[in-house]
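Below is one structure, written out as structure tokens; comments come after it.
No value in this document is a laboratory result; all are computed from the given coordinates. Note that the coordinates shown come from a computational prediction; the quantities given were computed from them, not determined experimentally. No Cβ is skipped: glycine too gets one built from the backbone with ideal geometry, and neighbour counts run over all protein chains shown.
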Amino acid sequence: MRPNILYLHSHDTGRWVEPYGYDVPTPRLQQLAEEGILFRQAYCAAPTCSPSRAALLTGTAPHTNGMVGLAHRGARLHDNTWHLAHVLRDTGYATALAGMQHEAEYEERAALGYSELLDDEPVDVADAQEAVAQRAASFLSRAHDRPFFLACGFIATHRTGQGRQWFNDQASPLGDPRYCRPPVPLPDLSDIRQDFADFRAAAARLDGYLGIVLDALAQSGRTQDTLVVCTTDHGPAFPGMKCTLTDHGTGVMLILRGPGGYNGGKVVDALVSHLDVFPTVCELAKVSIPARVQGTSLRPLVTGAALTIRDAVFAEVNYHAAAEPMRTVRTARYRYTRRFTRQAEPVPANCDDSLSKETMQAYGWFDRPLPAEALYDCYFDPGEANNLVGDPAYADILAELRGRLAQWIRDTDDPLLHGRLDPWSGMVVNPPGDPSPQNPTIPAEPILVEP
């Protein structure tokens, strides 16, 4: 019997939740981790929304699948049939979507392969995100005559307020800042404590929504034959996190629970990528893995057949709010990142507006120069603050990782290899020096690689 697949995903959460040891109480995520498999070194393929999700749901890098920017700004997949929902539907699965997705325009989301769109089902709750959870719960409570793939997406922990972009609809603080500490790379300053305290409150709400869905799954009696995949797209929306090719931007929570050995409270320390989720699901669902897939099944790590399945993960940025082409390779110890245009300073529009952004900007964060290349020893420098490109002691490591990244660019036929990445027709972005992603957009222009 093929298992059901329940794909639970959040927005902008990173790893800042309880199962990863942070002071962000999320008891339902903790319970899920204790019942399933927690991957401590999981990374997204892009620290931006649509490219990250498209990579996970196709098993291919963003520049391969076409999602080089944000779907609501005009980016899209080359081929919607690559999407996991499409692949599973074509092999007999019932497919349904509750809540958000970010791989297509809202009106075109059915083209991704979803037979049922649950958002229009009436529910008697005022909280829009709780309504998503209740719709998913209703789907799970039904009788099903074939296996299902249910994607349930929450906007939390995305910033939702206006102006300073708080983490709640009221555009005002919710969290208690007195006894919390912002995570690296943020300084422990009062305004940033308030901002992170509000993130904690948003994470607690997310945890409650996830609990509604997981309780419904348990009540349906399908826990044992349902693989739960719980993750997020990338790091939280703070300076130096989201849209940043560091662990703070690319590190993600990833918890799997279900049949096939995905249980028992095991913790896996091996490097894994979001690209590895697609082949893992296909393998368990007895679906042929397309040759285009660039990921590797997680199963050997779960069964103990292997201690590692990859010695490096890769990630990229092309267009987010503004163009900022970058590529990175992360091994167990080192990270190497290259910028592909001469961007001398940070791109303000690629950092969501927030109290933390205002604070860091006041201290000159946007005036700090950006290196064309960066190399970090993540064992001695987990904050990724000390660039070792000019250190002769690391010259061999630098040469090796330059070569690794160049080889990946060639192997995946990255458009940057040919000196130019074209946006989709109709794509829009913010100008390079725009201070806010909330400002009016302009048509996206091709990215031309600097020699």
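Tally Lys and Arg at +1 and Asp and Glu at -1 over the other residues with C-beta under 13 Å from the C-beta of Leu405: what net charge comes out? Numbers along the way, then the final one.
Values: positive: Arg327, Arg330, Arg335, Arg338, Arg339, Arg402, Arg404, Arg410; negative: Glu316, Glu373, Glu400, Asp411, Asp414.
Cβ neighbours under 13 Å give a net charge of +3.
At 222 nm, what helix-only mean residue ellipticity would the chain give, in deg cm²/dmol to the nearest 500, using -39500 (n - 2.57) for each DSSP H run of four or more? Present the calculation step by step, with values, prior to reporting the outcome.
Details: 11 runs with 116 residues, N = 451.
Counting only the DSSP helices, I get -7500 deg cm²/dmol.
Write down, largest first, the equivalent ellipsoid semi-axes of region 44-197 in whole Å, where each equals the square root of 5 times an eigenvalue of the alpha-carbon gyration tensor. Walk me through the numbers on the way to the answer.
Numbers: eigenvalues 204, 94, 35 Å².
Whole-Å semi-axes of the equivalent ellipsoid: 32, 22, 13.
Suppose R0 equals 35 Å; then what is the FRET efficiency for Asn387 and Asp79 from their Cβ-Cβ distance, rounded to the nearest 0.05? Don't skip to the end; give the middle numbers.
On the way: r = 39 Å, r/R0 = 1.10.
Calculated value: 0.35.
Could you give the size of the charge dipole of the chain about its Cα centre, using +1 on the Cβ of each K and R and -1 on the Cβ of each D and E, expressed in debye and rounded to the nearest 20? Could the numbers behind the result be given before it?
Working: 40 positive and 55 negative charges, 181 e Å.
Using Cβ point charges on Lys, Arg, Asp and Glu, the chain gives about 880 debye.
For region 316-412, go through all pairs of different Cα atoms, get the mean of 1/r, take its inverse, and jot down that Kirkwood value in Å. Before the final figure, lay out the partial values.
Values: mean 1/r = 0.0677 Å⁻¹.
Its Kirkwood hydrodynamic radius stands at 14.8 Å.
Please report the orientation-averaged projected area of region 125-257, defined via the convex hull of its C-alpha atoms, in nm². Please list the in-between numbers first.
On the way: hull surface 37.7 nm².
The directionally averaged projection comes out at 9.4 nm².
Would you work out which of His11, Ala42, His83 lies farthest towards the positive end of the dipole of region 1-103? Charges go on Cβ: Lys and Arg +1, Asp and Glu -1.
Of the options given, the answer is His83.
Once phi is turned into ³J(HN,Hα) by the Karplus curve 6.51 cos²θ - 1.76 cosθ + 1.60 with θ = phi - 60°, what whole-Hz value does each residue of region 149-164 show in order, with x for glycine and proline?
10, 10, 9, 10, x, 10, 5, 4, 9, 5, 5, 10, x, 8, x, 7
Where does the chain land on the Kirkwood hydrodynamic radius, alpha-carbon pairs, in angstrom?
Details: mean 1/r = 0.0454 Å⁻¹.
It is 22.0 Å.
In region 147-252, which trypsin sites (Lys or Arg not before Pro) are in a loop and have at most 15 other Cβ atoms within 10 Å, using DSSP for the loop call?
Numbers: sites: Arg159, Arg164, Arg178, Arg193, Arg200, Arg205, Arg222, Lys242; in loops: Arg159, Arg164, Arg178, Arg222, Lys242.
Passing sites in region 147-252 are Arg178.
Using modelled backbone amide H atoms (1.01 Å from N, in-plane), which distant-in-sequence or interchain residues come within less than 5 Å of Asn168's amide H?
Under 5 Å from the amide H of Asn168 lie the amide H atoms of Thr160, Gly161, each far enough along the sequence or on another chain.
Using every pair of alpha-carbon atoms in region 211-314, split the distances into 5 Å bins beginning at 0 and state the percent of pairs per bin, rounded to integers.
It works out to 2, 11, 18, 21, 19, 15, 10, 4, 0, in whole percents.
Using modelled amide H (1.01 Å from N, peptide plane; none on Pro or chain starts), what sits under 5 Å from the amide H of Tyr334, excluding residues fewer than 5 places away?
The list, which skips near neighbours in sequence, is Cys378.
Scan region 138-238 for chymotrypsin sites (Phe, Trp or Tyr not before Pro) in coil per DSSP, keeping those whose Cβ has at most 10 other Cβ atoms within 10 Å, and list them by number. Walk me through the numbers on the way to the answer.
On the way: sites: Phe139, Phe148, Phe149, Phe154, Trp166, Phe167, Tyr179, Phe196, Phe199, Tyr209; in loops: Phe154, Trp166, Phe167, Tyr179.
Answer in residue order: Tyr179.
Where both residues lie in the chain, what percent of DSSP beta bridges are antiparallel, nearest 5?
Working: 29 of 55 bridges.
Around 55 percent antiparallel, to the nearest 5.
Please compute the net charge surrounding Gly92, taking Lys and Arg as +1 and Asp and Glu as -1 over other residues with Cβ under 9 Å from its Cβ. Numbers along the way, then the final one.
On the way: positive: Arg2, Arg89, Arg146; negative: Asp90.
Charge balance near Gly92 sits at +2.
For region 114-183, take every pair of Cα atoms, bin their distances at 10 Å starting from 0, and report each bin as a whole percent.
15, 36, 26, 16, 6, 0
For Tyr43, what residues show an amide H to amide H distance below 5 Å, using hydrogens built from the backbone and excluding near sequence neighbours?
Hits under the 5 Å cutoff: Val252, Val272, Ser273, His274.
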